[in-house]
Each structure stands twice: as C-alpha cells, then as structure tokens.
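Trainee: Input: one structure, supplied below.
The values are calculated or read from the model by the stated rules, or taken from the named source; none is laboratory data. Given the structure is predicted, the values throughout are model-derived calculations rather than measurements. Methodologically, a virtual Cβ is constructed for each residue, glycine included, from the backbone with ideal geometry; neighbour enumeration extends over all protein chains shown.
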C-alpha cells in the first residue's frame with residue numbers, strides 16, 4: 001500500500017516522517033527480508049558447498065600436503081572477505097547494490113563451473129592447476145561484489161531509528177545464511193566424497209544460479225524501503241547530504257598517502273615478517289584502510305566516534321574468526337582422522353560436520369531473535385560490544401571442551417560428541433557476535449558509507465580467515481616426526497593445539513568485556 005501511495009503522489013517531508021514512524025511500529029518484518037533470506041540461502045549453499053570439500057579436494061584429488069592445502073584455504077577465505085571492500089566501494093560510488101549483487105553472483109557461478117572443469121581433469125594435469133586458481137579468482141571477486149551489498153540492503157528495509165528490529169532482522173537473515181550452509185555440505189559433501197568432487201562443485205554452481213533467479217524476479221516488488229522506494233538502484237553516496245561546507249571524501253594528497261601506506265605495509269609484512277604475498281596484502285590493507293576512512297572530511301564528530309567503535313571491535317573480530325574458521329581446515333582434518341564417524345554401521349562423511357554449526361544456527365537463531373527483542377523491551381539488552389565479548393567467551397569454551405576430548409594416541413578415535421559440543425558452543429558464540437556485528441555496522445555507519453564500511457568490516461573477517469589457515473598449518477600431523485612450534489610452545493598433541501585457541505579467544509573476551517562500557521558511550525545512543 002505504501003508503495004502505491006508513493007508511486008502516485010508526492011508527499012511532504014512531514015507525511016513521509018509520519019509513514020516512517022508508523023512503519024517502525026509494526027511488529028512483523030517486511031517481505032523483502034525473506035526475499036533477501038532466500039537469495040542469501042542459495043548463495044551460501046554455493047559457497048559452503050564448495051568450502052565443505054575444498055580442503056579434501058586439494059589433499060585427496062590434487063595430492064597437496066596438508067600444510068600447503070591449509071595455507072591455500074586461508075588465503076582463499078581471507079581474500080573472499082577482503083574483496084567486499086572493492087564491491088562496497090563500487091556500490092557506494094557507481095553501481096548501487098543491485099547491479100553489484102548481479103555481477104558478483106554471476107562471477108561466483110562461473111567460478112564454481114570452472115572448478116567443476118578442474119575436478120574433471122587428471123590431478124597431475126597442468127591445466128587443472130590453472131583452472132583451480134582461475135575458479136578461485138572468480139569466486140573471490142564475485143563474493144566481493146555480492147556479500148557486502150546484500151547485507152547492507154537488510155538494514156535499509158527498516159526505519160533508521162528502529163535499531164532493535166534491525167538486530168532481530170539480521171539474526172533472521174543469518175538463518176538464511178546458515179540454512180544454506182547446513183544443506184550445502186550434505187549435498188555437495190556427499191557428491192564430492194562419495195561420487196566425485198566435480199559433481200560437488202557443479203551443484204554449488206547451480207545453487208548460485210538459483211540465488212540470482214530468485215532475486216531478479218522478486219526484487220522490484222518486495223525489496224523496498226519503508227517508504228516503498230526501490231532499494232539498491234542508486235549509489236549509496238546519494239543517500240545523505242554532505243556537511244554544509246561541502247568538504248567530502250578524500251583529497252588527492254590523502255589518497256596518495258593511503259596508497260603509499262598500503263604499499264609500505266605490504267612490503268614490510270612480506271619482506272621483513274616473511275608472510276606470503278596474499279597474506280601480506282590482506283594484513284596490509286586491513287591495517288591501513290580502516291584508519292584512513294576516519295580521515296574523510298565529511299565525517300562529523302559523532303560519526304567519527306561511531307566509526308572508531310567499529311574499527312576497535314574489528315580487532316577482536318579478527319581473533320574470533322581466526323579461531324572459529326578452524327572448521328574448514330584443522331577441524332576437518334580432526335573429523336576425518338581422529339573422530340569415530342561410524343553411526344549404526346554407516347560412516348558419516350567428514351564434510352558433514354560442517355553442517356553442524358549451520359544446523360545449530362537454524363535452530364537457535366529464532367530464539368536469539370526473540371531474546372534480543374525481549375531484553376530490549378525491558379531495557380536490559382546488552383550493548384553490541386558486550387554481546388561480542390560474550391561471543392568470544394563461548395568460542396573459548398568450545399575449544400576448552402574439545403581439548404578434554406582429545407586422545408594422545410592418534411590410532412584411537414574419539415566420540416562424535418566432542419565435535420558436536422564444540423560446534424554447539426561456537427554457534428552460540430557466533431550468534432552473539434556475527435549478526436550483531438553486521439547490524440552494528442549498518443547502524444553506526446553514515447548512509448553514504450554503508451556498503452564501504454561493510455566491506456571494511458569484512459576485512460577483519462578476511463584477516464581472521466587468513467590467520468585461521470596459518471594456524472591450521474600448526475595442526476600436529478601424526479605422520480610427521482617434526483612437531484610444529486608456536487611462540488616457543490611445541491605442539492606435540494591436539495590438547496596443546498586446541499588450548500592455544502582457548503588462550504586467544506579467552507583473553508580477547510575479557511579485554512572486550514571491560515572495553516565495552518567505554519565503547520557504548522562512544523556510540524552516542526546507538527545500541
């Protein structure tokens with residue numbers, strides 16, 4: 001009805017504000033949320049379907065060493081979360097959200113089909129190597145255009161001041177992400193491990209095409225603002241006005257300094273610290289770009305303070321994903337080699353464990369959505385930084401739990417309950433941190449920077465994912481006599497390995513807990 005009104009008459013500012021206010025009082029979520037839910041479901045089916053078999057494909061089919069495969073995994077998942085910076089910038093300045101989503105989705109589908117071709121060739125083929133890197137490149141850049149823009153559009157469905165409902169909406173949206181992530185390993189994992197890896201990649205590509213079809217045929221009718229206006233058509237830079245002095249964006253000097261600082265940071269990390277090139281690129285950009293956005297001349301003091309909060313929390317998000325993303329590498333090795341997967345005479349594929357986290361989220365996300373709304377109505381809802389500190393705490397508990405279930409004898413496999421418990425605790429932590437982080441960025445970033453800041457937020461996840469691959473290289477392989485060493489600690493068994501993650505996530509949780517009170521004040525009324 002609102003869409004009809006706006007398409008047939010011009011309303012005054014007062015009338016628009018009244019409609020916006022009425023839209024914010026409704027209890028139900030707009031239909032556009034469920035369109036984005038379904039779109040993201042199939043996109044995540046594509047991504048997680050490929051991820052479920054990626055490490056196993058490299059070690060079993062391409063015959064890569066575990067450490068080398070873990071390094072590639074970390075670089076791939078890190079770059080997947082780094083390129084949203086590019087996609088966010090293009091959407092904010094040139095294309096808008098919709099064009100970016102279509103371009104990204106198409107690239108990801110092409111990438112999956114290239115991996116299908118790669119898996120169809122003999123492992124020793126030179127062409128298979130070329131296709132592997134080409135397919136990964138398409139997925140990496142495609143995800144960069146798709147991911148930040150669809151996440152941004154969720155927040156745009158709601159009245160700007162309706163922060164509580166946004167938290168609930170992002171939690172529901174997170175269900176879509178994880179419903180797809182739950183189904184993906186069951187389908188692609190089964191095809192990859194029990195039939196042929198190529199069919200797993202093909203299924204992932206088909207899933208991406210379904211995502212694009214859903215979005216194309218439903219976006220015009222349902223993906224609209226509370227005023228009934230089409231979302232994502234125009235660049236986000238046009239959404240709110242610049243300050244009266246007209247000073248917006250970066251000067252040429254600032255851009256030059258930014259580029260030089262990024263190049264210097266990458267060179268230092270690569271040459272002095274000895275990190276591989278892709279890791280150096282991820283770390284260098286993550287170090288420089290979040291700080292540079294704070295120098296934009298159009299920012300008011302309140303806007304800048306809120307963005308400082310985002311940048312500070314990004315540091316803790318790095319530690320969360322560094323630990324959490326062990327799921328795709330070291331925990332997959334643990335599932336395959338150290339876990340008794342025999343269930344009533346049927347041996348469950350190791351890739352199926354990657355459905356556990358997503359399945360728990362589908363079950364728990366509605367509970368958390370209601371929980372945050374109930375606490376908000378009573379005025380006792382924890383702040384976003386406090387919720388994220390809780391998320392890190394549950395992450396530490398998950399690794400502490402599995403550390404007691406490890407066995408010093410690698411020939412003796414442990415119960416499936418240990419991995420199940422870890423994924424449950426990690427899921428609770430993820431629901432406290434990840435959807436709340438997406439909502440926080442949407443609430444704290446000025447409208448003209450929404451997609452760009454979402455891209456910068458994903459840079460923290462990129463760094464965490466790359467570090468996850470690096471940490472997975474330390475996984476104690478019983479086939480090797482030389483034991484890995486980390487910070488002077490010899491990792492001779494899995495108990496020691498998992499306790500390292502307990503330390504990282506536990507200390508980060510404690511520090512963020514005490515910082516959260518100061519950060520809440522810097523958010524200037526946003527919760």
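Trainee: Being touching a residue at least 40 places away in the same chain (Cβ under 8 Å), under 18 Å from residue 496 (Cα atoms) and part of a helix (DSSP H, G or I) narrows it down to one of 331, 307, so name that one. Quick ask: steps written out before the conclusion?
Mentor: Details: 307 fails: under 18 Å from residue 496 (Cα atoms).
After applying the criteria, what remains is 331.
Trainee: From the residues in the range 488-527 that are more than 21 Å from residue 306 (Cα to Cα) and either outside the structural domain of residue 445 (by TED's automatic domain parsing) or touching a strand residue (DSSP E or B) at 6+ places or on another chain (Cβ under 8 Å) (or both), which one is modelled with the lowest pLDDT?
Mentor: My answer is 491.
Trainee: Which residue, of 258, 273, is out of contact with any strand residue (DSSP E or B) (no Cβ under 8 Å at 6 or more places or on another chain) and in contact (Cβ under 8 Å) with a residue 12 or more places away in the chain?
Mentor: Details: 273 fails: in contact (Cβ under 8 Å) with a residue 12 or more places away in the chain.
Only one candidate passes the filter, namely 258.
Trainee: So, of the residues in the range 350-381 that are without any contact (Cβ under 8 Å) to a residue 40 or more places away in the chain and outside any helix (DSSP H, G or I), which turns out to be nearest to residue 431 (Cα to Cα)?
Mentor: 380
Trainee: Of the residues 379, 437, 447, which single one is at pLDDT below 90, touching a helix residue (DSSP H, G or I) at 6+ places or on another chain (Cβ under 9 Å), closer than 24 Å to residue 168 by Cβ and surrounded by fewer than 20 Cβ atoms within 10 Å (Cβ to Cβ)?
Mentor: Working: 379 fails: touching a helix residue (DSSP H, G or I) at 6+ places or on another chain (Cβ under 9 Å); 437 fails: surrounded by fewer than 20 Cβ atoms within 10 Å (Cβ to Cβ).
From the options 379, 437, 447, the qualifying one is 447.
Trainee: Hey, another quick one. Can you find a residue in the range 38-49 that is under 22 Å from residue 123 (Cβ atoms) and either modelled with pLDDT under 90 or assigned to a helix (DSSP H, G or I) (or both)?
Mentor: Within the range 38-49, the subset under 22 Å from residue 123 (Cβ atoms) is 49.
With the extra rule that they be either modelled with pLDDT under 90 or assigned to a helix (DSSP H, G or I) (or both), the set shrinks to 49.
So far as the range 38-49 goes, yes, one or more of its residues are under 22 Å from residue 123 (Cβ atoms) and either modelled with pLDDT under 90 or assigned to a helix (DSSP H, G or I) (or both).
Trainee: Consider residue 389 carefully, then state whether it is at pLDDT below 90 and within 27 Å of residue 177 (Cα to Cα). Write out each step before concluding.
Mentor: Working: at pLDDT below 90: no; within 27 Å of residue 177 (Cα to Cα): yes.
For residue 389, the condition - at pLDDT below 90 and within 27 Å of residue 177 (Cα to Cα) - is not met.
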